[in-house]
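Take a look at the structure below.
The values are calculated or read from the model by the stated rules, or taken from the named source; none is laboratory data. All figures in this text were calculated on a predicted structure; none of them were measured in a lab. Cβ atoms come from the backbone with ideal geometry, glycine included; neighbour counts cover every protein chain shown. Ligands, DNA and RNA are excluded from the accessible area calculation, which covers all protein heavy atoms including side chains. Shrake-Rupley method; radii C 1.70, N 1.55, O 1.52, S 1.80 Å.
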Amino acid sequence: MIDCVENRLLTSRRGLLLGGASFAAWAYLPKFARAADGRDPRLVVVILRGALDGLATVAPIGDPDYAGLHGSIALTADGAHPALMLDGFFALHPSMPEFARMYRAQHAAVVHAVATPYRDRSHFDGQDVLESGYAGPGRVQSGWLNRALEALPRGERVSSGLAVGPTTPLVLRGNAPTVGWAPVALPQADDDTAMRLVDLYRHRDPALASALSQGLQLEKAASGDEMKPKPGNAVAQMRQVARGAAKLMAADDGPRIAALAFDGWDTHANEGGPVGRLAFLLGGLDGALAEFESGLGERWRDTVVVVATEFGRTARINGTDGTDHGTATVALLAGGAVKGGRVISDWPGLKPANLYEARDLKPTIDLRSVIKGALQGQFGLSDQVLAQTVFPDSAAARPMKGLVA
Amino acid sequence: MARDSQAALVALNRFGFGARGGASGDLINAASDPRGFVKAELARPSGVLLEAPGLQSTPQLGQAVFAYQDQVKQAREAAKAATPAEAPPQAPADQKPGLRRNLSLNMVATEIAGQMAEAKPADNKPADAAMKPDGMQPNAAAPVAAKPSPQPLNVIQNTFRAEALARLQRAMMADCGFTERLVAFWSNHFCISASKGELARMWAGAFEREAIRPHVLGRFADMLKAVEQHPAMLFFLDNQQSLGPDSRAGQNRKRGLNENLAREIMELHTLGVGGGYTQEDVTSLARIITGWTFAGRKGQLGAPGSFAFNANAHQPGPQALLGKTYEATGLAQGEAALADIARHPSTATFIATKFVRHFIADDPPPTLVARLRDVFVRTDGDLKALATALVDSNKAWQAPLTKMRSPYDFLVASGRLLARVPEDPGFYLNSLNLLGQPLWTPAGPNGFPDTAAAWAAPEGIKLRLDIASQMGARLGNNIDPRDLLEFAAADAASVETRRTIERAESRQQALALLLMSPELQRR
């Protein structure tokens, strides 16, 4: 889980390092021309690293096989923490009330059973495909968002892209200019990384295992909490990142395009159902979307936020109340420019015969179609540019129409 | 010859700074001839010397400090003499709090930075572009004045950083790093602390270049003499203040001995505690080395900042030390005493033990210590022979890898594996401060500890993980951690480590886990 101890942010490191540095570019960029319709579109890409459980985020409660497959962590429409019904079939995780509100206001949509063209289950390769926009792994020179930026008329509607985080995510790397902003100078190792390391040490180096465990415990004690998970911090960090990015994007001469990544979605064990680890993370994501909405102010009207992950997780839970690496999952869209209030899906069903390789939700929609739809709706990129430059050799994945209002 | 990855791990990690990434082929080279790989550097004695553009001699550096101190003093006096400042602070015309419309990006930037930024310590200058502790991206455009520019560094800070950078770059580029590890070992054995004052900070790097490096593959007695006569050591252990009570200066100023340097020479540099010396020997050695000092800013004893023997401060008369009498021969009295201490049997045992503890095991195998002690005695303190004997011993290759890398070793090894030669030492200096091994600044004259217990402490490991995560976050984007594991350990990596890397959630996480893996932490 993402661990970001707030008081630490204030005491032990520089809170924010915005080098005033990089913003000179705007001084001599031409004025932003508005499109004929007067819109000034903005696009935010949020990458969830670790592969999100789409069946837990937007649960197909109406599918008769769902409850059995997802077992102890399946969401239900009733009980102490009822899922939020989006329509008669799909229900949203209860820790996402803001997204539910946007959905009801027609400003949020879900695309279900989506996947990139990648069909194996390595995080590294899956993330390459998701971000590079190529059909296979190993292409890490540039990302689709940067190439989209490059294809736009310079200085007309959009300027540099904003990379949020300590490095530019692959999706925004390339020839087009980008600027960077990171909310923290020395990111704390998150709990998930620490636990993986403790586990390795337990097997290979007991002395280091005990030292690291104690070190982690000391830190928890110092920050006023014992070894309990600290949902507030993950949530706070995601909100903080979104707040800063939204503020930058809200400026008249601010970047129109931004990319950021949230870690920690690799829920192999104790994933949790309506409450628990995944619930905390989804709550953080929900808060981040709300921050974008409030931070962008009237710009929210022209904004699309695309939330995507490298692949989904197994339909059936594993032996440790978690899920392993799978295939199809959800993509979330939020923003005033989204034609929302819908779950878009060609639902494949969860019967054993309908699962991909008898274990994963089967992909029926290409994620590239969704992203192309958003890019076309926001910036008017042509089918050809999208099929050849932004997502090379992707003509078969046609832009999804009508995503943007 | 058959490739032996396990022996390559020993060659690179126990003796060196770990394999470099990229196309270095270090692991393969080490695997095909592990002993030869380590010893190759011993065959290039001049390669130990460090000469980089801009690095100056101790007298030059001393004069620069004196000049800087004069400037500061003059500026302070000028400020005092001047009338109180008449110019009111300039109010920025374009800052109106609460303004929301037409907000410019620079204003937003300034505003967020003002809310969240903390003061930045002087040594926290942005590091090597990819490792800098800053939020800026490498492909960002040119700077604009959105935040106040930091105070320019003074000559002392700049010198310290230049010396640090030269040392780091050398460590990053060495094939194996054995001689650089030897430099670090001897530099820590004969440590000074940069925290002693401006001169010590200025001289820390020069001390190592001038007193340690030329003798790392030479004779112990020569290193000992160079160290104890170096202005940095004389300043660090207060010998420039020590006056023979019966010397002319002692009589005039009614001051006398300072035993600091004499005690540490015997306790820490040569014989070791319990090495057979008494308090009377300490006092006697202190008298013997009175007058060992450096020329001050006025240059009365020689070029300012150079070693000088001040006969006026030297205690007259013969002195008895460790059962032998040293005649009153001025500077030569102390040099003769040091030469004898250097070949004392206790010195051989002390050095051999420390040497084996550093390279092989916290509890040094007695047979190996005995063998190295014999080599030391037989060769009259030939340090190249000592190093060679260590590499030749089978124990050195068979002992389990239980030593913990020090923070310095860990950071250098990480930089090497990531194939990054720093252009700025900031990241390393900051990280060393954080991990409790500030460069050239140990807490006492006994140097930094050399045992796993010291460096595997809970808080230290947790902080190490934070730093590894930081490196992962900054650099993980561009590398495949599975490749790095091959460069670092190949088939000597454990199944568990391999699996942990492969199953990581992201490249960033995998890189952090790799840097923290036992294969990279133990040596």
| helices (runs of 4 or more DSSP H) wholly inside the range B:190-247 containing at least 2 residues that are under 15 Å from the mean Cα position of the chain (by Cα) | B:198-207, B:231-236
| request: Go through the range B:3-43 and give me each residue that's without any contact (Cβ under 8 Å) to a residue 12 or more places away in the chain and open to solvent by 60 Å² or more (accessible area, probe 1.4 Å). | output: B:Ala23, B:Ala43
| field | Single condition A:Val129 does not satisfy, out of (1) out of contact with any Gly (no Cβ under 8 Å at 6 or more places or on another chain); (2) hydrophobic (A, V, I, L, M, F, W, C); (3) within 14 Å of chain B (Cβ to nearest Cβ); (4) outside any loop (DSSP other than H, G, I, E, B) | value | (1)
| field | Single unsatisfied condition, A:Ala182 versus (1) out of contact with any Lys or Arg (no Cβ under 7 Å at 6 or more places or on another chain); (2) within 13 Å of another protein chain (Cβ to nearest Cβ); (3) modelled with pLDDT of 95 or more | value | (3)
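Would you be able to tell me the number of residues in the range A:297-334 that are in a loop (DSSP other than H, G, I, E, B) and open to solvent by 10 Å² or more (accessible area, probe 1.4 Å)? Can you show your working first?
Applying the first criterion (in a loop (DSSP other than H, G, I, E, B)) to the range A:297-334 yields A:310-312, A:315-324, A:326-328.
From what's left, open to solvent by 10 Å² or more (accessible area, probe 1.4 Å): A:316-321, A:324.
Looking only at that region, the number is 7.
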| note | Residues of the range A:258-296 being within 14 Å of A:Leu333 (Cβ to Cβ) and open to solvent by 20 Å² or more (accessible area, probe 1.4 Å), in sequence order, are A:Glu293
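Within the range A:335-374, restricting attention to residues that are part of a strand (DSSP E or B) and over 22 Å from A:Tyr103 (Cβ atoms), which residue is least open to solvent (accessible area, probe 1.4 Å)? Even if it seems obvious, please write down each step before you answer.
Going through the range A:335-374, the residues part of a strand (DSSP E or B) turn out to be A:338, A:342-345, A:356, A:360, A:365-366.
Checking which are over 22 Å from A:Tyr103 (Cβ atoms) leaves us with A:356, A:360, A:366.
Working: A:Tyr356: 50, A:Asp360: 0, A:Asp366: 40 Å².
Only one residue tops the list, namely A:Asp360.
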| query | Just checking, how many residues over the range B:350-367 are in a helix (DSSP H, G or I) and within 27 Å of the chain's Cα centre (by Cα)? | reply | 10
| said: Quick check on my filter: what residues within the range B:374-391 are open to solvent by 40 Å² or more (accessible area, probe 1.4 Å), in contact (Cβ under 8 Å) with a residue 40 or more places away in the chain and over 17 Å from B:Gly177 (Cα atoms)? | reply: B:Asp380, B:Asp382
| field | Tally of residues being touching an Asp or Glu at 6+ places or on another chain (Cβ under 7 Å), in a helix (DSSP H, G or I) and small (Gly, Ala, Ser) across the range B:160-183 | value | 1
| query | Here are some residues: A:Ala36, A:Ala27. Which one is within 30 Å of A:Ala251 (Cα to Cα), open to solvent by 20 Å² or more (accessible area, probe 1.4 Å), part of a helix (DSSP H, G or I) and at pLDDT below 90? | reply | A:Ala27
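Can you name every residue in the range B:493-517 that is open to solvent by 20 Å² or more (accessible area, probe 1.4 Å) and touching a residue at least 60 places away in the same chain (Cβ under 8 Å)? Show your work before the answer.
Just the residues of the range B:493-517 that are open to solvent by 20 Å² or more (accessible area, probe 1.4 Å), to begin with: B:495-496, B:498-500, B:502-503, B:507-508.
Answer for the range B:493-517, where residues must be open to solvent by 20 Å² or more (accessible area, probe 1.4 Å) and touching a residue at least 60 places away in the same chain (Cβ under 8 Å): there is none.
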| request: Answer with yes or no whether A:Glu298 is free of Cβ contacts under 8 Å to residues at least 24 places away in the same chain, more than 21 Å from A:His123 (Cβ to Cβ) and not hydroxyl-bearing (Ser, Thr, Tyr). | output: yes
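Evaluate the following for B:Glu496: is it facing chain A (nearest Cβ under 8 Å), of a type in the set (Asp, Glu) and within 19 Å of A:Asp191 (Cα to Cα)? Walk me through how you get there before you give the answer.
Values: facing chain A (nearest Cβ under 8 Å): yes; of a type in the set (Asp, Glu): yes; within 19 Å of A:Asp191 (Cα to Cα): no.
Answer is no for this residue.
When the residues of the range B:44-57 are filtered to those that are at pLDDT 95 or above and either crowded, with 24+ Cβ neighbours inside 10 Å or of a type in the set (A, V, I, L, M, F, W, C) (or both), which remaining residue is nearest to B:Met202 (Cα to Cα)?
Step one: of the range B:44-57, the residues at pLDDT 95 or above are B:48-50, B:55-57.
Cutting the leftovers down to either crowded, with 24+ Cβ neighbours inside 10 Å or of a type in the set (A, V, I, L, M, F, W, C) (or both) gives us B:48-50, B:55.
On the way: B:Val48: 21, B:Leu49: 19, B:Leu50: 17, B:Leu55: 11 Å.
So, considering only residues that are at pLDDT 95 or above and either crowded, with 24+ Cβ neighbours inside 10 Å or of a type in the set (A, V, I, L, M, F, W, C) (or both), the one nearest to B:Met202 (Cα to Cα) is B:Leu55.
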| Unique residue being surrounded by 21 or more Cβ atoms within 10 Å (Cβ to Cβ), in contact (Cβ under 8 Å) with a residue 12 or more places away in the chain and not in a helix (DSSP H, G or I) when the list is B:Thr290, B:Thr347 | B:Thr290
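Being farther than 23 Å from B:Val183 by Cα and of a type outside the set (A, V, I, L, M), is that true of even one residue in the range B:510-518?
The answer is yes, given that some residue of the range B:510-518 is farther than 23 Å from B:Val183 by Cα and of a type outside the set (A, V, I, L, M).
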